[in-house]
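Visitor: One structure coming up, written as structure tokens, with questions to follow.
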């Protein structure tokens with residue numbers, strides 16, 4: 001029997017799905033995205049941005065700091 005390093009949870013990371021308001025699952029490929037105001041790269045919706053998605057302009061802290069300074 002082969003042993004593995006880590007937990008069984010690691011195998012489920014790629015299968016996570018988000019839920020909409022009705023509780024139905026949404027695949028990550030169908031989440032909204034928009035371009036970063038600083039670098040132009042597209043970035044996807046994240047659960048922690050659910051309340052502020054319209055206010056989120058930058059893909060990372062680095063882009064936010066470069067745009068301000």
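Visitor: Would you check if there is a residue in region 7-15 being in a strand (DSSP E or B), modelled with pLDDT under 90, at negative phi and surrounded by 10 or more Cβ atoms within 10 Å (Cβ to Cβ)? Walk me through how you get there before you give the answer.
Guide: The initial filter retains those residues of region 7-15 that are in a strand (DSSP E or B), namely none.
Checked against the condition, which is being in a strand (DSSP E or B), modelled with pLDDT under 90, at negative phi and surrounded by 10 or more Cβ atoms within 10 Å (Cβ to Cβ), region 7-15 yields no hits at all.
Visitor: Oh, and also: Of the residues 55, 62, 24, 37, only one is at pLDDT 75 or above and in contact with a helix residue (DSSP H, G or I) (Cβ under 7 Å, 6 or more places away or on another chain); which? So that I can check it myself, show each step before the final result.
Guide: Numbers: 55 fails: in contact with a helix residue (DSSP H, G or I) (Cβ under 7 Å, 6 or more places away or on another chain); 62 fails: in contact with a helix residue (DSSP H, G or I) (Cβ under 7 Å, 6 or more places away or on another chain); 24 fails: in contact with a helix residue (DSSP H, G or I) (Cβ under 7 Å, 6 or more places away or on another chain).
Sole residue among the options that is at pLDDT 75 or above and in contact with a helix residue (DSSP H, G or I) (Cβ under 7 Å, 6 or more places away or on another chain): 37.
The values are calculated or read from the model by the stated rules, or taken from the named source; none is laboratory data. What you see is a predicted model, and the numbers here were worked out from it, not measured in a lab. Backbone-built Cβ (ideal geometry, glycine too); neighbour counts: all protein chains shown.
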